2 protein chains.
Amino acid sequence: MLSPEIEPSQSDDAARAGWLYYVAGMTQDQIARELGVSRQRAQRLVSRAMAEGLVHVRIEHPIAACLELEQALTDRYGLTRARVAPGLGAGADAVRAIAPAAAQELERFLAMSEPLVIALGTGRALRGMVDSLTGLDAPQHRLVSMIGNIAPDGSASFFDVIMRIADKVRAPHYPMPMPVISATREEFMAFTALGPIRQVRQLAERADVIFVGVGQMGDDAPLLADKFITRAELTALQKRGAIGEIAGWVFDAEGRYLESPDDTRLGGVRIDPRLPRPAIGVAAGASKVPAIRAALKAGILNGIVTDESSARAILAQG
Amino acid sequence: MLSPEIEPSQSDDAARAGWLYYVAGMTQDQIARELGVSRQRAQRLVSRAMAEGLVHVRIEHPIAACLELEQALTDRYGLTRARVAPGLGAGADAVRAIAPAAAQELERFLAMSEPLVIALGTGRALRGMVDSLTGLDAPQHRLVSMIGNIAPDGSASFFDVIMRIADKVRAPHYPMPMPVISATREEFMAFTALGPIRQVRQLAERADVIFVGVGQMGDDAPLLADKFITRAELTALQKRGAIGEIAGWVFDAEGRYLESPDDTRLGGVRIDPRLPRPAIGVAAGASKVPAIRAALKAGILNGIVTDESSARAILAQG
DNA sequence: GGGCGATATGAGTAATTGCTCGTCAGGCGA
DNA sequence: TCGCCTGACGAGCAATTACTCATATCGCCC
């Protein structure tokens, strides 16, 4: 998207049409005449601009109900920061709702001129956040991954957000080139013995800011879907009270990490509860509510970006 | 717009409808059902959200042609910064085109964490810039006006941008409470003798960044329209080669300030050529092209935000 | 050079949106 | 209290936009 020379007029025209439509407020007929193309082509360009994510829309208005929820979350859990986006209604994708708000939160840190180490998890929510990110230069910061990027099948993780962010802000980035979960403890030790990997892990551990998604541990847990754990392992964890997971580290309804022998193979960096630095969760959706609540309660997260209905649900229970 | 408690659900609903429409991509019929109102009301809410400027749209794509023009401007005039927005086509208002880009430039400075003194002119272009500004907090900076805010008829200047920016970013601001042009030299001296006014002027003179509009000196010059000068004075200035004006200071086609006895009554702070700090002009439109070119040539401005057709025109002549 | 698949194009049509108008409720001064 | 004015509302309709489909074009492999 930010590549300098390619695509001389491919999505270039789309951007121009999108500009004329959304910013200039022209009708597609006028755009067609302006660009000297058919009306249908103008329509396709505009629609492409939208599909390619060239068009960023933001509502510049604090909706009262959301502000109240932010305040309530902050008070209840002693957060440093809470952002609640308006809900998208029943059937819609919660990620769509929170992505722009999450991007805005991340931009707050990116905009700072003193160099920060920004640690990032993975997942659909963070991926959405990146897509909504404005392309601003912030080469002073360093971006580091909280979690290994090698999937069980050896491929690079599908939702790798760190490359995409780094691409947009042109900052140095440090992915963690090791398995999310190593096959054996020995493999884990072998990886972490490597100098470069140890350095990345140290960087992540002392990050100034952390952005992570939150995984739920229901029968359709992402850990299972992505084949990081087996069905049997999931069931065993559920029996022990597992309710959620952050960077691969599983916790119960009180936000206590479940100790297990598998821990010694986990490639993700664990977030200690009540860090004195921002640890911000980006998550929404009914299924994730108990997990989010647990993480907030225990202080694994001290900041949250979520949507309206999730915020209400989180606050509904003590 | 950022007021905390008023309007419990007045434009609140509008914001929500706008969100559902532009961000969630729902149809107005769906929104109507979601909000439990009639389709017509949903339509009105969406349209209101747009009219009130709650909806901010940005195209996140560097259009090749504009990038080339930016490069050409930077090279030709040795600028620190050039931004060219896509043109809006023949009949459209140039301010609409450059406002978002100008806002983005201003935000670059507002986002810096070290405290800056930001000086601002007036005019329609800057006013548009403010309207496009994202509401971000930047209390570390100080905003100072380059130009007096008392119009000839005693009213506060219509396009007073500094209050509006300060309101949006919650930064301390220093308007210049004196006439744009004093009636006599004595009046000017009396004003500038006052301590607070002297302090504001000093602040403006040592500003870290300057954003100003550019006025043209044709027969419909803004200085005349706003009754700062008479028709006779305008004609006299034109005879002496006046081509443009920045903060009330008139210059010729080479960007040389016209010396005149009236200078001693001018309330605006004059920008010295080739300042070592950013002095950014925000201006577009065919009538302003010679003025912009002159200001760039002489180094009164070392940065520019303009639109595509203006950029081409500026570059067209040597 | 010919066939083939992928992709772009324009026409037509369905869906959605924006506008105008007649109506009505509430506020306000006579 | 009456009459007038302002602003909101819903209905209907015109304008605009999105989608579908048949056709044309291009690149590529044989």
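See the values below:
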item	result
Single match in B:Glu34, B:Glu70 (criterion: more than 13 Å from DNA strand D (Cβ to nearest atom), touching a residue at least 12 places away in the same chain (Cβ under 8 Å) and more than 9 Å from every other protein chain (Cβ to nearest Cβ))	B:Glu70
Test result for B:Pro115, surrounded by fewer than 16 Cβ atoms within 10 Å (Cβ to Cβ) and over 12 Å from the mean Cα position of the chain (by Cα)	yes
Filter pass, A:Asp75 being within 9 Å of DNA strand D (Cβ to nearest atom) and among the charged types (D, E, K, R)	no
Residue match in the stretch B:132-148 (condition: surrounded by 18 or more Cβ atoms within 10 Å (Cβ to Cβ) and in a helix (DSSP H, G or I))	yes
In the stretch A:178-200, residue farthest from A:Ile150 (Cα to Cα) [restricted to those that are in contact with a Phe, Trp or Tyr (Cβ under 7 Å, 6 or more places away or on another chain) and assigned to a helix (DSSP H, G or I)]	A:Val200
Conditions (1) within 13 Å of chain A (Cβ to nearest Cβ); (2) within 21 Å of B:Ala294 (Cβ to Cβ); number of the one not met by B:Asp93	(2)
Tally, over the stretch B:37-53, of residues that are away from DNA strand D (no atom under 15 Å from the Cβ) and either farther than 21 Å from A:Glu60 by Cβ or touching a Phe, Trp or Tyr at 6+ places or on another chain (Cβ under 9 Å) (or both)	0
Any hit, the stretch A:126-135, residues being of a type in the set (Lys, Arg) and at pLDDT 85 or above	yes
Top-ranked residue in the stretch A:30-47 [being away from DNA strand C (no atom under 11 Å from the Cβ) and under 11 Å from A:Gly18 (Cβ atoms); ranked as nearest to the chain's Cα centre (by Cα)]	A:Ser47
Selected residue [at pLDDT 85 or above, more than 27 Å from B:Arg48 (Cα to Cα) and touching a Ser or Thr at 6+ places or on another chain (Cβ under 6 Å)] from A:Ala99, A:Ala103, A:Ala82, A:Ala72	A:Ala82
3 or more residues hydrophobic (A, V, I, L, M, F, W, C) and in contact (Cβ under 8 Å) with a residue 40 or more places away in the chain: qualifying strands (runs of 3 or more DSSP E) within the stretch A:213-318	A:279-282
Answer residue from the stretch A:90-109, given it is without any contact (Cβ under 8 Å) to a residue 60 or more places away in the chain and among the aliphatic types (A, V, I, L, M) and is surrounded by the most Cβ atoms within 10 Å (Cβ to Cβ) among those	A:Ala99
Sole exception among (1) out of contact with any helix residue (DSSP H, G or I) (no Cβ under 7 Å at 6 or more places or on another chain); (2) modelled with pLDDT of 90 or more for A:Val209, by number	(1)
Every residue from the stretch B:48-67 that is at pLDDT below 85 and within 13 Å of DNA strand C (Cβ to nearest atom)	B:Ala51
Residue selected from the stretch A:236-264 under the condition under 28 Å from A:Ala190 (Cα atoms) and touching a Lys or Arg at 6+ places or on another chain (Cβ under 6 Å), by the criterion modelled with the highest pLDDT	A:Trp249
Residue match in the stretch A:11-31 (condition: more than 18 Å from B:Ala85 (Cβ to Cβ), surrounded by fewer than 18 Cβ atoms within 10 Å (Cβ to Cβ) and at pLDDT below 80)	no
Filter result for A:Ala119 (more than 10 Å from chain B (Cβ to nearest Cβ), out of contact with any Ser or Thr (no Cβ under 8 Å at 6 or more places or on another chain) and either of a type in the set (A, V, I, L, M) or not in a loop (DSSP other than H, G, I, E, B) (or both))	no
Filter pass, B:Phe188 being hydrophobic (A, V, I, L, M, F, W, C) and at pLDDT 85 or above	yes
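The values are calculated or read from the model by the stated rules, or taken from the named source; none is laboratory data. Here the structure is a predicted model, which is why all the values come from computation and not from measurement. All Cβ positions, glycine included, derive from the backbone under ideal geometry; neighbour counts span all protein chains shown.
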